[in-house]
Amino acid sequence: MSASAGAKRVEQLDRVVIRFAGDSGDGMQLTGDRFTSETAQLGNDISTLPNFPAEIRAPAGTLPGVSSFQVHFADYDILTPGDSPHVLVAMNPAALKANLSDLPAGADIIVNTDEFTKRSLAKVGYAANPLEDGSLAEYAVHPVALTSMTVGALAELGVAKKDAERAKNMFALGLLSWMYSRPFESTLRFLETKFAKRPDLVAANKAAFQAGWNFGETTEDFAVRYEVKPARMQPGTYRNITGNQALALGLVAASVRSKLPLFLGAYPITPASDILHELSKHKKFGVTTMQAEDEIAAIGAALGASYGGALGVTTTSGPGVALKGETISLAIALELPLVIVDVQRAGPSTGMPTKTEQADLNMALYGRHGEAPLAVIAPKSPSDCFHAAIEAARIALKYRTPVILLSDNYVANGSEPWLLPSSDELPDISVEFTTGPNDADGRFLPYLRDPETLARPWAVPGTAGLEHRIGGLEKADKTGDISYDPANHEHMVRTRAARIEAIEVPELEVEDADENARVLVLGWGSTYGPIGAACRALRQRGLPIAQAHLRHLAPLPANLGEVLAAYDKVVIPEMNLGQLAHVIRAKYLVDAVPFNQVSGLPFTAATLESMLEDVVKNG
Amino acid sequence: MELKLTAKDFKSDQEVRWCPGCGDYSILAAMQRFMPELGIPRENIVFVSGIGCSSRFPYYMNTYGMHSIHGRAPAIATGLSVSRPDLSVWVVTGDGDALSIGGNHLIHALRRNVNLKILLFNNRIYGLTKGQYSPTSELGKITKSTPAGSADSPFNPISLALGAEATFVARTIDSDAKHLQSVMRAAAEHQGSAFVEIYQNCNIFNDGAFELLKDAGSRDDHLIRLEQGEPITFGAQKQFSVTHPAGGFGLKVEEGGEAIVHDATVDDPAYAFALSRLSGSDLGTTPIGVFRNVQRPSYDELITKQLVDAKAQADGTPDQMLDALLNKADTWTIM
């Protein structure tokens, strides 16, 4: 394998979108992941979108069993995984059929012809072989006998036929790595680590990768090789990271920067489980992870740990938040720090566990009994999950309140390059425990508040002289004793609301490059990428538009009303039926226009561009 | 320095608000009298409760305390105990709180062997909601919610705890302060989960539920006192024995017969389970005392050990380790 391009023509591209698609068992997520890693090494900007079924192994070769991984890479700064692929790698007829409608005319399709048997075709309802009946005429189809060539390349290695066949994804990766001139050393290292206990599989997978690379170099079917130059990115050290990984690392960082041990109580749930997996590796940092018996126990244990002076966190998805509601209310009454991470997925009920949605905003803001306000924040991209986790912990600790962090499947599993921060650039979020009496009479009053933050003292068990009892019953102001006094309840309800409103959050910034926009598009959470890409496209076409993105959903930034009032029209795209739009309309009496999609898939930039174009032109 | 605390030190400034005559008063008094024996500073003791009459308990103890939500005290206490192994954590719960809404958390705390002392006040009725049947009420019980009699078979809390392989399982009665304190002492000394069922009289909604075991005229013939290393006999003239019939799986009460010698340290929970089956809803032959007291590592110990071992691998300041962690991946640098 050499990096010399041989006699092939090399063409420069500024961006490419590739989708790897195959059966759930074909290793497409891994293939996509490796291609992404190679691409990141090269210095392209990247954005990825995995898309897989909830079933672990749907029947092989069927449409429900198709798993795909899309990667968008470019020589400039990009915001989304791309609307439609330039290249589809289809490992079987199901993968072709499931993805074909997303391809623009002229797209390259690399198909594994070995799988296009009569039986496999029939399984997905192809009456005739699409590779032969002319139905793919508008695409550039590259038929490759991926399976048999892989098996042939490994013939001398003596690996079992089944293992040889399974290495076909590495053949595909080798071919694509050649086509796009990717550096492959990290993939070889990866294979050595992954199969450390099976030297035969290391050899087989490396050989398959090499065979794919060599095939690209020698076959006449691929006449052109492409290059995408590194993107001009801010100097610094980068890694590629998914939202779930970034969120987990952000929690570790929050623990380090608060000097408090992190306690995670969690119950496995898609798509949040990876945060539990990641955090369970970091005991060296004093991180305790507890896989609880259910969602309620998970948050209960986290709250118990917070009470004891830890940074208590629970991670889940929508159905889990529903179960945790009563404990969140208790945390609001106890006024203890707690971070609740909701990696949203399509609902209601089990819904579509591996698909994305932003439909838990109402639940986060209002989904509890009584007047039970808390802080809500949402990350805008995979790497932003790191900083959002620290911000959630900062608010929870400083203001002694539960904070809901609303991630979603799109940012959680998607990835992008992340400019690594250094620990000393991260905020110091440490807080002081109360260690002595806090009133003039030498008493300890557990509900005597800090006049500025309205936070109550955090006196943890083990502190002599501050023994006190707290609970879910209404508490008397200052003393925390049980109280049914009407005036006291009114005071406490209003105080709990006021202390959330008193949380300091950064002002909302507006991106308005031309400074003459009349239309503002307001988003929150993971829609940042597609909204941003749509706005750029419009501006490039001379259509002015302003973009503002909410990270803090409760409390809202203080200048939001002013920002909204400065525009003739406010458009709010959301992956729900208008939950933020309702809040904005109710709170600011602004005739905001909702734009909604609940397909389980993120907005494409093109969808938003055409919608926004219409608003900009026609009002 | 030796701690010199008294019962009074454990009384909080809160007015106790159980119904006059409630069995909870005697349990509270026994607890406050017993606590100084532990030699643990008050600040290192935490009572966590759920919801129900019994769950007001923490307000009355001058220690740290949390009155939480219905059924969830074992879960909350687990998080506290695991993250703060230096504390002595007690859970106070009732039959509805622990066995109905919180059944799941109870069995999981016991199977994990979390270092909690769990006191279940069993009065066989819902008191705070004014008199519905509970998961320990006898079949056919007529209450506000079961005018035609309950159709639910009750749990035997001791059998349930043993089914979860709890390492310490005991039963006692509110009216016997001495026995109550001796069981609490044994529970406190146990490393791991200690489960104590306390028969507690609700004089408003289920008065006299345990009278058979309390009345001087009847108790000797119905109450079986388990003493470690002693033959299990009872009756006014010690005429009844708990025996192990040949060929049978369980234990049996016989007049005369060769009494088995009680050993709570038998590792196989089947023995203690057989003891627990001697009493049905009718309380006809009811053992009290420690059924099971065995040692296995607590969840807290195991988790703490993992943390200590991992922290021994620490190779820098937390900030340095964080920087190393963030960089632990395929990275690339742009100049």
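Each value in this text was obtained by applying a stated rule to the coordinates, not by laboratory testing. The structure displayed is predicted, hence computed values, not measured ones. Note that each Cβ is placed from the backbone with ideal geometry, even for glycine, and that neighbours are counted across all protein chains shown.
State the extension gain, in nm to one decimal, for the chain segment bounded by residue A:610 and residue A:509, taking 0.36 nm per residue of separation less the distance between their alpha-carbons.
Going from the current span to full extension adds 33.9 nm.
At residue A:181 and residue B:282, where each label point lies 7 Å from the Cα along Cα→Cβ, what is the point-to-point distance in nanometres?
It is 9.2 nm.
In the Gaussian network model of chain B, springs joining C-alpha atoms below 10 Å, which of B:171, B:72, B:219 carries the largest mean-square fluctuation?
Result: B:219 has the largest fluctuation of those listed.
Before rounding to the nearest 500, sum -39500 (n - 2.57) across all DSSP H runs of length at least 4 in chain B and divide by the residue total; then give [θ] at 222 nm in deg cm²/dmol.
Value at 222 nm, helices only: -7500 deg cm²/dmol.
Would you please report the Å³ per residue occupied by the convex hull of the alpha carbon atoms in the stretch B:1-154?
Each residue corresponds to 110 Å³ of Cα convex hull volume.
Using the eigenvalues of the Cα gyration tensor, what equivalent ellipsoid semi-axes result for the stretch A:431-505 when each is taken as the square root of five times the eigenvalue, whole Å, largest first?
21, 17, 11
Along each principal axis of its Cα atoms, how long is the stretch A:510-618 end to end? Whole angstroms, biggest number first, please.
Projected onto the principal axes, the Cα atoms of the stretch A:510-618 cover 35, 34, 23 Å.
Give me the distance in nm between label points sitting 7 Å out from Cα along the Cα-to-Cβ direction at residue A:156 and residue A:214, one decimal.
0.8 nm
Looking at chain B as a GNM with Cα springs under 10 Å, which of B:40, B:173, B:51 has the largest mean-square fluctuation?
Checking each option, the largest mean-square fluctuation is seen for B:40.
Quote the FRET efficiency, to the nearest 0.05, computed for residue A:371 versus residue A:478 with a Förster distance R0 of 22 Å and r equal to the Cβ-Cβ distance.
Efficiency computed from Cβ-Cβ geometry: 0.65.
Over all residues in A:80-87, what is the mean tally of Cβ atoms on other chains that come within 10 Å of each residue's Cβ?
Taking all residues of A:80-87 together, the mean is 0.
So if the hydrodynamic radius of the stretch A:364-415 is defined as the Kirkwood radius over C-alpha pairs, what does Stokes-Einstein give as its diffusion coefficient at 25 °C and 0.890 mPa s, in µm² per second?
208 µm²/s
For B:307, A:522, what ranking results if the residue with the fewest other Cβ atoms within 10 Å of its Cβ goes first?
Exposure proxy ranking, most exposed first: B:307, A:522.
Kindly provide the helix-only [θ] at 222 nm of chain A, computed as the sum of -39,500 (n - 2.57) over DSSP H runs of four or more divided by all residues, to the nearest 500 deg cm²/dmol?
So the calculated ellipticity at 222 nm is -11000 deg cm²/dmol.
Note down the relative contact order for chain A as a percent, whole number, built from C-alpha pairs under 8 angstrom at least six residues apart.
Relative CO of chain A lands at 12 percent.
Pull out the extension gain between residue A:516 and residue A:488, defined as 0.36 nm times the separation in residues minus the alpha carbon to alpha carbon distance; nm, one decimal.
5.0 nm is the gain from fully extending residue A:516 to residue A:488.
Using alpha carbon coordinates only, what is the Rg to Rh ratio of the stretch B:141-234, with Rh defined as the Kirkwood radius?
Rg divided by Rh gives 1.01.
Taking a virtual spin label 7 Å from the Cα of residue B:215 along the C-beta vector, which residues in the stretch B:143-179 bring their backbone nitrogen under 20 Å of it?
Inside the label zone: B:173-176.
Residue B:144: which lysines have alpha carbons under 29 Å from its alpha carbon, excluding same-chain residues fewer than 8 sequence positions away?
B:130, B:214
Write down the percent of antiparallel bridges among all DSSP beta bridges whose residues are both part of the stretch A:510-618, to the nearest 5.
Here the antiparallel bridges make up roughly 15 percent for the stretch A:510-618.
Is the stretch A:9-228 best put as rounded, prolate or oblate by its Cα gyration tensor, with a ≥ b ≥ c the root eigenvalues, rounded for a/c under 1.5, and otherwise prolate when a/b is larger than b/c, oblate when not?
Because its axes are fairly even, with a/c under 1.5, the stretch A:9-228 counts as rounded.
I need the calculated FRET efficiency for the pair residue B:306 and residue A:617, taking r as the beta carbon distance and R₀ as 56 Å, to the nearest 0.05.
0.35
Ratio of Rg to Rh for the stretch A:239-425, alpha carbon only, Kirkwood?
Ratio of gyration radius to Kirkwood radius for the stretch A:239-425: 0.93.
If packing is taken as the average number of other Cβ atoms within 10 Å across a peptide's residues, how do B:263-274, A:189-200, A:82-93 rank, most packed first?
Per-residue Cβ counts within 10 Å, averaged per peptide and sorted highest first, yield A:82-93, B:263-274, A:189-200.
Going by C-beta contacts inside 10 Å, put B:18, A:418 in order with the fewest on the left.
Ranked by crowding around the Cβ, least crowded first: B:18, A:418.
Mind checking the alpha-carbon convex hull of chain B and giving the volume per residue in Å³?
Considering the Cα atoms of chain B, their hull volume per residue is 210 Å³.
If you rank A:361, A:612 by fewest surrounding Cβ atoms within 10 Å, what's the result?
With the fewest neighbours first, A:361, A:612 line up as A:612, A:361.
So between residue B:181 and residue B:11, what do we pick up on full extension, going 0.36 nm a residue minus the alpha carbon distance?
Between residue B:181 and residue B:11, full extension yields an extra 59.5 nm.
Could you check the simple spin-label distance between residue A:101 and residue A:77, using points 7 Å along Cα→Cβ, in nm with one decimal?
For the pair residue A:101/residue A:77, the computed spacing is 3.6 nm.
Which one of B:240, B:168, B:47 has the biggest mean-square fluctuation once chain B is modelled by GNM with Cα springs under 10 Å?
Evaluated over chain B, the most mobile residue of the options is B:240.
Which FRET efficiency, nearest 0.05, do residue A:148 and residue A:237 yield, Cβ-Cβ r, R0 41 Å?
Between residue A:148 and residue A:237 the formula returns 0.45.
Quick one: of A:118/A:168; A:284/B:305; A:259/A:475, which pairs are farther than 18 Å apart, Cα to Cα?
In this structure, A:118/A:168; A:259/A:475 lie more than 18 Å apart at Cα.
Roughly what % antiparallel, to the nearest 5, for the DSSP beta bridges in the protein assembly as shown?
In the protein assembly as shown, DSSP labels about 35 percent of beta bridges as antiparallel.
Antiparallel as a % of all DSSP beta bridges within the stretch A:239-425, to the nearest 5?
The antiparallel proportion sits near 20 percent.
Determine which lysines satisfy two conditions relative to residue B:4: a Cα distance under 22 Å, and not lying fewer than 8 residues away in the same chain.
B:178
Take the eigenvalues of the Cα gyration tensor for the stretch B:182-335, scale each by 5, and report the square roots as semi-axes in whole Å, largest first.
Sorted largest first and rounded, they come to 53, 20, 13 Å.
Let me check I have the definition right: for the protein assembly as shown, take the eigenvalues of the Cα gyration tensor, multiply each by 5, take square roots. What are those semi-axes in whole Å, largest first?
They are 59, 35, 25 Å, listed largest first.
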